[in-house]
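Participant: Encoded as structure tokens, here's the structure I'll be asking about.
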Amino acid sequence: MECCPNRIALFFSYRKSNTNDMISSFIKYKIQCKSEYHIHSPFVYEFTTKVLNDKGSNSDYETILRLSRLLDGKKHLTYRRRKQSRLLYRIVRYFEPDSVVSFGKLSALNTTALALGNLQTRVYLEESDGFLETLNSMGIENVTLIQPADFDSEKFKKLNTGFVFFSENDFEDEEWDYLQDCMSHKTTDSVFIFEGIHRSRDAEDAWERIMDNEDVSLTIDLYHIGLVFFRLGIEKQDFVLKY
């Protein structure tokens, strides 16, 4: 089958444009990002020193890596992915939420990290690659599958959405509906995490809209993921932190 030359040219033009946007976005991030020495918020400073910059070793890191390779069948995992999974693990360990609700397709790496962060935390997944049974067989039993239809159920609406993870998907109408529903059930201690906030112009636009929300009191931009908080009694601030 022949390919239209104009379509080929358009494809590579789009790829080049998107790549240039990503490079420009990353350069902007590197210029703006600050270390803990430039943070004047006690809450963010403590989070940065105890969670973000925690370089200590942990046996769970190897367990996360081993299980994700077993579940996904991938021998090679990028440094960025491994680094992010360790951060997710530390965030759950630090905040100790009752539950983690994930929207979008969640990798085995992220699933294992969120689950092992606190075995008392119940992790709810929107969809699965069929590795739940394997997780259970390995002693990780705090992961529960939920179907999209469950989001409208009274049981789910009563669920404590204190910790919500939006995996790397386009911010389409459905995702915004989920976000608005979670916003209506948030608490002052809620933590929302968004993956891939700079992967495209649309994602960056979505991140800007989230930061501008009047209920959001504090955001942390780590380039590949963004954290959103709803703390009371603090001045609204948007941090771009070195990570």
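Participant: Of all the strands (runs of 3 or more DSSP E) wholly in the stretch 43-152, which have at least 3 residues that are surrounded by fewer than 15 Cβ atoms within 10 Å (Cβ to Cβ) and of a type in the set (Ser, Thr, Tyr)?
Facilitator: Once the strands (runs of 3 or more DSSP E) in the stretch 43-152 are filtered for at least 3 residues that are surrounded by fewer than 15 Cβ atoms within 10 Å (Cβ to Cβ) and of a type in the set (Ser, Thr, Tyr), nothing remains.
Participant: Could you please tell me which pairs satisfy a Cβ distance under 6 Å, a separation of 6+ or placement on different chains, a first residue in the stretch 136-149 that is free of Cβ contacts under 8 Å to residues at least 40 places away in the same chain, and a second residue that is small (Gly, Ala, Ser) and part of a loop (DSSP other than H, G, I, E, B)?
Facilitator: From residues that are free of Cβ contacts under 8 Å to residues at least 40 places away in the same chain, the pairs are LEU145/SER128.
Participant: Please specify each residue of the stretch 211-243 satisfying the condition of being open to solvent by 10 Å² or more (accessible area, probe 1.4 Å) and closer than 18 Å to SER102 by Cβ.
Facilitator: HIS224
Participant: Go through the stretch 25-38 and give me each residue that's open to solvent by 70 Å² or more (accessible area, probe 1.4 Å) and not aliphatic (A, V, I, L, M). Don't jump to the end; show me each part of the working.
Facilitator: From the stretch 25-38, those open to solvent by 70 Å² or more (accessible area, probe 1.4 Å) are 26-28, 30-32, 34, 37-38; that's our starting set.
Listed by number, the residues that qualify are PHE26, LYS28, LYS30, GLN32, LYS34, TYR37, HIS38.
Participant: Yes or no: VAL216 under 18 Å from ASN110 (Cβ atoms), of a type in the set (A, V, I, L, M) and at pLDDT 80 or above?
Facilitator: Here the answer is no, as VAL216 does not meet what is asked.
Participant: For LYS16, are the conditions met, namely being over 15 Å from ALA108 (Cβ atoms), open to solvent by 60 Å² or more (accessible area, probe 1.4 Å) and modelled with pLDDT of 90 or more? Give the derivation first.
Facilitator: Values: over 15 Å from ALA108 (Cβ atoms): yes; open to solvent by 60 Å² or more (accessible area, probe 1.4 Å): yes; modelled with pLDDT of 90 or more: no.
So LYS16 does not fit the description; no.
Participant: Within the group ASP205, ASP129, ASP181, which residue is more than 30 Å from THR63 (Cα to Cα), of a type outside the set (A, V, I, L, M, F, W, C) and modelled with pLDDT under 85?
Facilitator: Values: ASP205 fails: modelled with pLDDT under 85; ASP129 fails: more than 30 Å from THR63 (Cα to Cα).
That would be ASP181, the only listed residue that is more than 30 Å from THR63 (Cα to Cα), of a type outside the set (A, V, I, L, M, F, W, C) and modelled with pLDDT under 85.
Participant: Residue under question is SER25, and the condition is that it be more than 20 Å from the chain's Cα centre (by Cα) and polar (S, T, N, Q); does it hold? Before you say what the answer is, go through the steps one by one.
Facilitator: On the way: more than 20 Å from the chain's Cα centre (by Cα): no; polar (S, T, N, Q): yes.
Taking the combined requirement at face value, the residue does not satisfy it.
The values are calculated or read from the model by the stated rules, or taken from the named source; none is laboratory data. Bear in mind the structure is a predicted one, so any value in this text is a computation, not a measurement. Cβ atoms come from the backbone with ideal geometry, glycine included; neighbour counts cover every protein chain shown. What goes into the accessible areas is simple: the full protein's heavy atoms, side chains included, and nothing from ligands, DNA or RNA. Shrake-Rupley method; radii C 1.70, N 1.55, O 1.52, S 1.80 Å.
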